[in-house]
Structures are given as C-alpha cells and as structure tokens.
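Encoded as structure tokens, the structure appears first; notes follow it.
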C-alpha cells in the first residue's frame, strides 16, 4: 500500500453531506462491484474481470474530475496494481494527483472536491500528491512509490501533464536506482517467508512465487530487457496463466472475507476451492487440487523471477547494464540519442572484464554516422572519461577493436579512420595500418599483465608512468599520417594536433603526445643501428629526450611498435638492445645532468629571452640561469622559469621566497628560492612533512653562486592548504623561521612521524643505497630507492648533511609506493672518498631500515 | 669456396653489407645472436642496483664466396666492422666442399 503521508496535509476531515455527485458515484461503484462479485462467484475473478472493474473505476474517477470543473493543470494517475488494471474487490485505489504548477488554494480545493466524495462512499484511496517539478529530483528514499510509478497510467485530467511526467521520470539513472531497490525489496520480503514458496498458508500477494514476485519479474524485464521473459524458463503464455490463477484466488479471498485479505488460510482454502469449482467428493481432495495448482503456478513465477534476477543486466552506469553476454544499453532509444555515453559502455566492459553486446554494437553502428567527433566528448568530464578508457589494461585492445568495427573509433578519431584498412607495402609489416596500430596497444596491454620474469623490468617501467593513457593515445595516432605515402611521422603530428586540441589536453601532455608521435622511429634507429656503447650517442639521445617520463614512454612505444609489425619482429635480442639504451639514457638523465651547466650561448635560452615578459629583463634571466644544470630548461615551461626568476629576485640571506600553486585536484606545486646554507634541503623537506605534505616529485637545484631553487610536487592529504585561508603565510612563516634557525623542526615533526609510522601501508621494499663516483665528473651520485613514507626525504637529507656533505642537486620521484631519489653531493667541494661513501651509505641504510 | 662467418656489432651490419656489395657479394644470411668473447660482458647499474650483462647482442653475417674473393671479403668485413674498441667481434673462415642450388638441383663447385 502506498504511503499517503504526502497528501496528508490536504485532508479535510469535516463531514460533508453526500451531494448529488456522491449519490451518483455510489451507484456507479455499486454496479461495478456487483459485476465483479458475480464474476468472482463464478470463479472467474481473473485478469479479464479485474480489468473490466478497473475500467469502471476509471470512468467513475473521470466523472468525479469532470464534476469538479476544468482540470487543465491536473492529472489523475493510477499507480501500482490499479495502474496495471488489476484492481480487486477490496484493493486500495492507489492514485497520484499530479499538478502542473505550484499547489495553492485552488489546488487544495480541487483535492477536497476530488477526494472527499471517494472517502464518503467508502473507497480506500492510497493517494500521493505531487507537483510536476517534484519529479526533477529522485525520491531515492521512497522505493515503493518509485516502483508504483513504473505502472503509472493516466486516468483523468490533462494527458499532456502525464506525458511531461513520463519524460521527467523515466531516466536511466532512475531506472537503475529502482532496479537496485527492487532487488533489495525482494530479498527482504522473501526472508520474511523463509525464502520458500511452499507455505501451507500462503499469502497470494506477498509470498515467494505470488503476485508481487510476478509483478517484480515483469518490472525487472521492463527496466533491463523487455524481451527477457521470452527467453525465460516458462513459456510466456504459462506465465500469464499463472497470473490469472493467482488473481482468481485473490479475488475469491476478497469475496470470502469481505476485506483486503490475501492469506490463503486452511479455512479459506476449502471455501476458495469450492468457489473456484475444484472437483472432489471430499473437501480435502478439493483443497489438495487447489493447493497443487497454487504451488505449480507459484513455482512458474518463482523460477521466472530467479531467471530474471540472474539474467537481467545489472546496472553498471547510466543506461548501462551488465548481462551475461556483456554490456548493453538498458534503453537503446535513449542510447541512440546520447553518443556521449557510448564510450562509457566500453569502459564498463573493460571494468567488468567483459564485452559490449552485439545489440549495443549494432545500435552504435546504426546511429554513429549522425554524430561528429565533438559529440562524443562534449564536456570536460567526457574528455577525461575518454582518456581514462585509454589506460593500458586487459581488454583494451579487444574493446578498441569493437569500437573500430562498429565505426565508433573512426568517428571519435576521424584521423584514425584515414588509415582504416590501409595497406602499405614493405618488407616488414604484416597487417593493415589500422590493425598494426591496434596491435601496438595490445602489446602494451600484454606487457601490463605479463608474468614473464624476463619482461618484469619493462612492465615496471609501464607501471611507473604517471599518465599511461597519453602513451596509448600516441600509439593510436603514431601512424595516422600513413594515409599519405611520404614522411608519415610529420603528417601524423599534423593530424594529431587536431586530436589534442579537441581533447583540450594541457600543454605538457599535448607536447608529450606530439613529441612521441613525431619521434616514434628515433629510438629503434639508435638502439638497433647505432653504437650505443659510444657515450656521445647516449648523451645526445638523453639531451634530445629530456626527461625520464618521456624516455620511458618512448621506450615502451618503440617496443610496442616493433612488436606489432609481425610476430617475429620483436626478438629478445632487440628487446635487450632497447633495454640497454633505456638504462644508459636513464642513468645519463638522472646522474650526469649536473655536469652540463647552462651557458650564455645555450640553445633554448634565446627563445626564453625573446619571449621575456615586460617585468623581467634579459640580464636578470641570464644571471639566474647561468650555472644551473642544462636540464632545467627541459624540465620547466617558459612560464614556470619566469616565475622562478621573479621568486629569486633580490633574495637576501635567511629570506625564503615561495610560491604555491594547485596543479590539479590532488597535486600542488611549491617553488622555493633561497640562499644555500647547511641543512637547507633537509629543513625544507622537514617543514613540508610537518604540515603533512607528501612529496611525490621534485627537483632541488643549486647554482654556483649559492642560489637554491627547489620545486616540489606534493599531495596535501589533510587538505591544509585548501581549508585554511592563511595556509601559505603560515607555511612561509615556519619555513623562514626554520631556515634562519629561529625554530626547531624536531618537535614539530615528532608527533607527526609517530602517526605516520603507525599508518604505514603494507607494501615494503628493501631499501637500496648506492654511491657512485664514476657517473658524474663533479659529484658523488647517491641513488636511493626505498618505500615511500612521510618525512623520508627529511630523514635522508639530514643524514647526508650530518656527514658534512653539500646537497647540490636532487631528483625526486615517486612511483607507486616506491620513492626514487638521486642526490648529487660533494664534501668540501670534492667528491666523497671511498671510506666517506661507505660510512654514509651504511648510515643511510641503517636509518632507512629502522624507519621502513 | 669459403664460408665467412662474422660476429659483429649490431650497428655495423649496414656498413658490412655495403662493403660486401661493393665486391658484388650480395647473398648473405644475417642472424641476431648473443654472446661474448674477450669483452665478457660488463656490469650495468639501474637505480642503484647492479646487474650483469654477460651475453651481449651481436649480429652474425654468413657469406659463401669463391676462394678468389675470400681475402678481399675478409678485409672488407674487418675494415667496415672495426671501431678499435673491445667488442668489435670475430671473423671465422671455413672451407666449403660443395653447394647445391635447391631450385634447380644444380651443383656448384
């Protein structure tokens, strides 16, 4: 029964004299009930009789509404069983009184005029009163009402209002919510009956296998797959017969008890079997026949419901369901109209380790030509969703192939369509260009899940990528220029530029993708055709590639590209050559960059000066840059470099200049400029840790005149910066005090470190500490790999400072749970002696092992 | 006839092929191989951890030439593949008794 509370405030309990309308209604209702009673007495109180009775009640309500005068802005809607036209003799009449506008005095008057006569003639009305706008938000806490609304049927009043309600109410989100609630309600109801249909005194409405289960089965099909029951365990005709039987029994119970009672008790079983005309000389025989019919029909309902629960697609997103054959659109008509949700279907398939169903693929194929690329990702969220889809993981190749086959991939990326079935004749490639491209992605996907011990090193590189989706995007576009016959890498970049524009990629991501596409052949050329034992070859390649992230991406892109040429192309031999070039270049990038300093004539400086903003001059910029590692120019975009120059402007001893910016929703960037002094790096790291900041990436740079520039990216898990308006000032204040020696850091850190140690995650790596005097001409290089933890950098750098070493450059990286830090250090201006190295590494290892 | 088997640096394959082509030696078999000679591999370091590179990627080129061309071919290979560093590779020369052309069954002395 429906909750009538919402309508409660409109009740007017004052007794009114039955007017002429009331008398007429009484007569109409009495006639309808007499007709139904006669049907039930003949044992024919099934579906047909109940539909006739419902129609008569409809007519009565229409009369009542008409008597109340014009009703343009109200609709009377039948709900639940009445909506299904299964009204029994004593069923409540469940109604929605729907107003188009705000409910005011006139509407309240209408309600009184409508409801009072019904109450007067003894009808039990379960009514809900709503304004149309109420349906703009989902009444998530009222699942029974939502379920009843699925059976909504217009009875009287404005039909157009009902249509507007329909379009507001029937959304994929609402349907998904109702389905989830319904499944839960079924569980709860069944548990009240010990989850068995074989009750000696069954409730023909509520018991397992009874009328509610029957309606629930139909509802599940309606919400998921309207054709579901055709494939069910029972012939649809037998399912309908079961319904007719249960309704006939329920009608008989209402007649026999003269009330809304649905339990087929022992006593009522005898009377019902008589009424339904069961043969048998003894009452016991008649009852047994009735009950055997009951259980047979209840079992049909029960099995159908079980089938529907198991087979119906589980909602996995707006308008998306997971069924046994994969991801389907719950409402294909809606799906055809909204292409932005198509990508979500493929994402759901990858997440659920399944496919997109043939029906969904045909739906896309049928409608895909109506849409342009932008229609698939109209907003920021859908652009992000598209990039998320491209993360390498099991199933990506298969889903992209499905997207390609149904025409979606070529619509989302028209550039890719240009190489569809494209044949390029050469000695190496075995597949069309589009398939070669997709196979590169499969190669990456296989690497992401490989258990081959030999390939773990490359799998680790893949796992370490911050944005692997950019690599997949680059792979997807690396050969699109092959639609033409000349230099395809240049043409691919030209075409890819449109894609990165449409996706609104941030500048650095955009540059990375275009770089990878432009130079996708470079690394294989060097690895397989150049003497990689020549340090100059590696040095040039490192200078060309610039950063470790790009190196990792190009290594994997090269690997995937070679592997997708043919099954024989990527030999262990080639993989080894590629790996060696990767390692040599990685070592060069992380260990030797301190040897290469920026000079006046440095390439890239001219550009920086040419685009110099009005508040800076060339002299100030060159003074700032001179003596910093050359890599600085590759690590930071121009805008950031200008910011750093401003930060370093006029800096005095003990002064700390800093800027904090939010990079994205979780990562912040802090730039600190100050003059070098003992324990400086350690103090800065310590202050950040004392505010709960988790440093994930960073660079600490020193120029020969003692200017220190530290740039950290960190997460602020406690949201200190977000929640405190004066957070930056507080951070700066503490930093200045600590750097100037006015405040002790240890007490600030003590409590926090205790907390952090207690909360450490389960992943542990044995720490690696290695000092090396060979890699760099100026520095002792200290490679440290350890489990990441709050305050880790502080602890490491403190030990280094305690050993009297100067920290000149630091490269900080975090890959998953692993912290990878490379320190460039000196002691008294020189590299460390072997014994000094030994003492330092032993001390560091001890500290790391103690705190890990 | 002589079979000349050269183990060379991977990046020297094109130079060696070009040098042999100048002598009109076009037929050859090129194989990716791994091994070590005196070079014996070396220790590489990745992220503070050492690992051994004991078998180094090399290329093997096999050609069969008439006795009269053998000396020139060997010289061409050695010149083209040479860097002067350890790891330049080796050239092996073996006599070939007879050879047959599979398509025609024809014997070549």
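The values are calculated or read from the model by the stated rules, or taken from the named source; none is laboratory data. All figures in this text were calculated on a predicted structure; none of them were measured in a lab. Every residue, glycine as well, gets a Cβ built from its backbone with ideal geometry; the counts of neighbours run over all protein chains shown.
The table for this structure:
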{"item": "Candidates A:537, A:526, A:545 - the one that is within 29 Å of residue A:594 (Cβ to Cβ) and surrounded by fewer than 19 Cβ atoms within 10 Å (Cβ to Cβ)", "result": "A:537"}
{"item": "Hey, residue A:731 crowded, with 17+ Cβ neighbours inside 10 Å and modelled with pLDDT of 85 or more or not", "result": "yes"}
{"item": "Unmet criterion (only one of (1) outside the structural domain of residue A:238 (by TED's automatic domain parsing); (2) in a loop (DSSP other than H, G, I, E, B)) for residue A:277", "result": "(1)"}
{"item": "Residue among A:33, A:42, A:52 that is within 50 Å of the chain's Cα centre (by Cα) and surrounded by fewer than 22 Cβ atoms within 10 Å (Cβ to Cβ)", "result": "A:52"}
{"item": "Strands (runs of 3 or more DSSP E) fully within chain B counting 1 or more residues that are within 13 Å of chain A (Cβ to nearest Cβ) and in contact (Cβ under 8 Å) with a residue 12 or more places away in the chain", "result": "B:2-8, B:29-35, B:49-53, B:56-65, B:89-95"}
{"item": "Some residue of the range A:564-582 being touching a residue at least 40 places away in the same chain (Cβ under 8 Å), closer than 22 Å to residue A:698 by Cα, within 14 Å of chain B (Cβ to nearest Cβ) and touching a strand residue (DSSP E or B) at 6+ places or on another chain (Cβ under 8 Å)", "result": "no"}
{"item": "Positions within the range B:77-93 being under 13 Å from the mean Cα position of the chain (by Cα) and surrounded by fewer than 16 Cβ atoms within 10 Å (Cβ to Cβ), in sequence order", "result": "B:79, B:82, B:90, B:92, B:93"}
{"item": "Residue in the range A:587-600 that is within 21 Å of residue B:56 (Cα to Cα) and within 14 Å of chain B (Cβ to nearest Cβ) present", "result": "yes"}
{"item": "Elements of type helices (runs of 4 or more DSSP H) in the range A:481-548, at least 1 residues being more than 14 Å from chain B (Cβ to nearest Cβ), in contact (Cβ under 8 Å) with a residue 24 or more places away in the chain and farther than 28 Å from residue A:574 by Cα", "result": "A:488-502, A:507-518"}
{"item": "Helices (runs of 4 or more DSSP H) wholly inside the range A:580-681 containing at least 1 residues that are over 24 Å from residue A:775 (Cα atoms)", "result": "A:605-610, A:618-625, A:638-648"}
{"item": "Residue among A:698, A:686, A:741, A:751 that is within 17 Å of residue A:794 (Cβ to Cβ) and part of a strand (DSSP E or B)", "result": "A:698"}
{"item": "In the range A:754-767, residue modelled with the lowest pLDDT [restricted to those that are surrounded by 11 or more Cβ atoms within 10 Å (Cβ to Cβ), part of a loop (DSSP other than H, G, I, E, B) and away from chain B (no Cβ under 14 Å)]", "result": "A:760"}
{"item": "Residue selected from the range A:768-801 under the condition more than 14 Å from chain B (Cβ to nearest Cβ) and part of a loop (DSSP other than H, G, I, E, B), by the criterion farthest from residue A:682 (Cα to Cα)", "result": "A:777"}
{"item": "Enumeration of residues in the range A:449-470 that are surrounded by fewer than 17 Cβ atoms within 10 Å (Cβ to Cβ), modelled with pLDDT of 90 or more and under 25 Å from residue A:713 (Cβ atoms)", "result": "A:460, A:463"}
{"item": "Some residue of the range A:130-141 being touching a strand residue (DSSP E or B) at 6+ places or on another chain (Cβ under 7 Å) and surrounded by fewer than 16 Cβ atoms within 10 Å (Cβ to Cβ)", "result": "yes"}
